[in-house]
Structures are given as C-alpha cells and as structure tokens.
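Peer 1: Here it is: the structure, laid out below.
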Amino acid sequence: MSMEQNVNILELLSKNGWTPRKPATEEEIRRLKETFKVELPEDYEQVLTASNGCSLYRFKTPLIVYSIIEVLALFREHDLYENIPQSLIFGGDGGGTVYCFDLRSENSLDSYDVFFVREDDTGYDKAIFRTPSLTDTVLKIINNEKIN
C-alpha cells in the first residue's frame, strides 16, 4: 500500500525546502506527453504545472526533477534509454543515478512506478529502488529512507 494517501505533492515539496521555478507551459507539457506517448502521472504533472523542475537537497538522497527541456534532451540522446526503452527519465540525484517512470504498465494507482538506477548500469532488473509514485518517492526522501 502506498504511503501517499491524501498527500498533496506541492504542499509536501513546499514544506521541505523546495523553491519553485517558472511553471511549465501547456505546450511544453503537451510536447512531453506526445514524445513519450503517455498521460503523465498526476503528481508529476502537478509539479510541472507549478514549477518546470525542482530540487530537494536537505536529505540523505537528493532529488532533482529535471525541466521538460532537460527530459527531452536526454531522450534525444538515447544512450541512457538503451536498456530501459520504456521509461521516462525525469530526474536524478546529481551523483550518477537517475529517477525514472517505468512506462511498461500502469500500477494500481493508475500511475507508473518510479525507479532509481545508476546511469552507468541501467536496466529494469538493476533498479536500486522502486516505489509506486513520485509522491511516494518524495515521502521516502524526506523521511531519509535509504534509497540508493
């Protein structure tokens, strides 16, 4: 069962040291959805609508949510997607690991699992950490749970 019931991702981020950037435009969000041919997880789209990228650094594991232009640039490079082709890399920790949505199938929350994998050793079977949503990932980070 997910820890995130009744948790608002934007409130959670705001209470934990997140400083919002300029919001993503509707056009940027549409382009992201079209590129990956998916509806974005609700909590991820809420973050993008409020801030086109963000970061949390006060915790054991940092979270850097990339801007849409960064996500699309990574996708065009293809090298990180070689072993995880049905993923959307949306962030990292600034130290060689990336956060990804597993787009192979929706989970019980009508979302996509988030997994954390090293950039130099990608693969679905090499995930260091897996959780059912971005909100759940943020909760684990602010609770300083070991995820890397």
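Peer 1: If I stretch the segment between Glu26 and Arg76 completely, what's the gain in nm (0.36 nm per residue apart, minus their alpha carbon distance), one decimal?
Peer 2: 15.9 nm
Peer 1: Further question on the same structure: State in Å² the accessible area per residue of the chain; use a 1.4 Å probe, count heavy atoms of protein chains only, and round to the nearest integer.
Peer 2: 51 Å²
Peer 1: Which percent of the accessible heavy-atom area of region 1-141 goes to carbon and sulfur, probe 1.4 angstrom?
Peer 2: 46 percent
Peer 1: Then there's this: Excluding ligands and nucleic acids, what accessible area in Å² is computed for Ile69 using a 1.4 Å probe, to the nearest 10?
Peer 2: Rounded to the nearest 10, the figure is 120 Å².
Peer 1: May I pose another question? Give me a comma-separated list of calculated 3J(HN,Hα) values for region 81-86, in order, Karplus coefficients 6.51, -1.76, 1.60 applied at θ = phi - 60°, integers in Hz, x for any Gly or Pro.
Peer 2: For region 81-86, the Karplus curve yields 8, 3, 9, 9, x, 9 Hz.
Peer 1: Eight or more residues apart or on different chains, and alpha-carbon atoms under 23 Å: count the Lys pairs in the chain matching that.
Peer 2: 9
Peer 1: While we're looking at this one, here's another question. What distance in nm separates the two pseudo spin-label positions at Ser105 and Tyr57, each 7 Å out from Cα along the beta-carbon direction?
Peer 2: Computed distance between label sites Ser105 and Tyr57 equals 4.0 nm.
Peer 1: Below 8 Å, C-alpha to C-alpha, sequence gap of six or more: please give me the relative contact order for the chain in percent. Provide the component values of the computation, followed by the final result.
Peer 2: On the way: 245 pairs, mean separation 33.0, N = 148.
Worked out over the chain, it gives 22 percent.
Peer 1: Give the Rg (one decimal place) followed by the Dmax (whole number) of region 37-117, computed from C-alpha coordinates and expressed in Å.
Peer 2: Cα radius of gyration and Dmax of region 37-117 are 12.4, 34 Å respectively.
Peer 1: Among Gly53, Thr19, Val114, pick out the residue whose Cα is farthest towards the positive end of the charge dipole of region 13-137, where Lys and Arg carry +1 and Asp and Glu carry -1 on C-beta, about the Cα centre.
Peer 2: Value: Thr19.
Peer 1: Of Gly94, Val71, Tyr44, which is farthest along the charge dipole of region 43-148 in the positive direction, counting Lys and Arg as +1 and Asp and Glu as -1 at C-beta?
Peer 2: Gly94
Peer 1: Sticking with this one: For the chain, give the magnitude of the charge dipole about the Cα centre (Cβ charges: +1 Lys/Arg, -1 Asp/Glu; no others), in debye to the nearest 20.
Peer 2: The calculation lands at about 440 debye.
Peer 1: Now, a different point. If you compute Cα Rg over 2.2 N^0.38 Å for the structure shown, which of (1) 1.12; (2) 1.26; (3) 0.95 do you land on?
Peer 2: Only one listed value fits the structure, namely (3).
Peer 1: Starting with the highest mean, order 106-113, 15-22 by the number of other Cβ atoms within 10 Å, averaged over the residues of each peptide.
Peer 2: Descending packing order for the listed peptides: 106-113, 15-22.
The values are calculated or read from the model by the stated rules, or taken from the named source; none is laboratory data. Model, not experiment: these values are computed from the prediction. A quick note on method: Cβ atoms are made from the backbone with ideal geometry, for glycine too, and the neighbour counts reach across all protein chains shown. When the accessible area is computed, the model is the full protein with side chains, heavy atoms only, and any ligands, DNA or RNA have been set aside. Shrake-Rupley method; radii C 1.70, N 1.55, O 1.52, S 1.80 Å.
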